[in-house]
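S.K.: The structure is given below, and queries will be raised subsequently.
The values are calculated or read from the model by the stated rules, or taken from the named source; none is laboratory data. This one's a predicted model, so the numbers in the text were calculated from it and none came from an experiment. Positions of Cβ are generated from backbone atoms using ideal geometry, with glycine treated the same way; all protein chains shown enter the neighbour counts.
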Amino acid sequence: MKKIANIFKAFSDDTRLRVIKLLQERELCVCELMQVLDMSQPRISRHMSVLKNAGLVDDRREGKWVHYSLKKENQDKKIKILLNAMVVMANDDVVVKADQKKLKKAVRLGEIKTCCNRCSGQLVEKIF
């Protein structure tokens with residue numbers, strides 16, 4: 001029951017739903033999430049901790065940066081069903097579409113793609 005409760009806890013916050021939709025696009029680093037969602041690093045990390053505890057995301061460390069992706073391997077079928085349903089329901093959400101647009105714009109401009117490699121922890125100019 002605790003595992004199920006953790007999954008529903010993860011789905012109960014709109015920021016975490018936004019993160020899941022962004023991670024559907026590709027792996028993202030904390031600094032990318034900070035820019036697109038316009039949130040602080042501790043706030044993003046708290047949300048990512050909930051998603052990780054629910055078994056929805058994987059993380060990997062590259063230097064001082066943490067990169068997150070949707071969990072693909074060893075994922076329970078029930079979790080996949082819930083995740084897929086949530087992803088489909090959020091497809092037409094205005095906020096989700098705006099987030100995806102910010103992410104695409106940032107990648108196109110090269111701002112987000114290089115923030116981990118060249119800025120030494122300083123975020124590049126915001127994309128808003």
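S.K.: Mind listing whichever residues of the range 79-99 are closer than 17 Å to Lys3 by Cα and either touching a helix residue (DSSP H, G or I) at 6+ places or on another chain (Cβ under 7 Å) or touching a residue at least 24 places away in the same chain (Cβ under 8 Å) (or both)?
M.R.: Within the range 79-99, Ile79, Leu82, Leu83 meet the criteria.
S.K.: When the residues of the range 63-74 are filtered to those that are modelled with pLDDT under 85 and touching a helix residue (DSSP H, G or I) at 6+ places or on another chain (Cβ under 8 Å), which remaining residue is surrounded by the fewest Cβ atoms within 10 Å (Cβ to Cβ)?
M.R.: If we take residues in the range 63-74 being modelled with pLDDT under 85 and touching a helix residue (DSSP H, G or I) at 6+ places or on another chain (Cβ under 8 Å), then Gly63 is surrounded by the fewest Cβ atoms within 10 Å (Cβ to Cβ).
S.K.: Continuing with this model, one more query. Which residue is surrounded by the fewest Cβ atoms within 10 Å (Cβ to Cβ), if the candidates are limited to the range 77-128 and must be acidic (Asp, Glu) and modelled with pLDDT of 75 or more?
M.R.: For the range 77-128, the residue satisfying everything is Asp92.
S.K.: Hey, which of the helices (runs of 4 or more DSSP H) in the range 1-54, taking only ones fully inside, have at least 3 residues that are at positive phi and crowded, with 20+ Cβ neighbours inside 10 Å?
M.R.: Correct list: empty, since no element meets the threshold.
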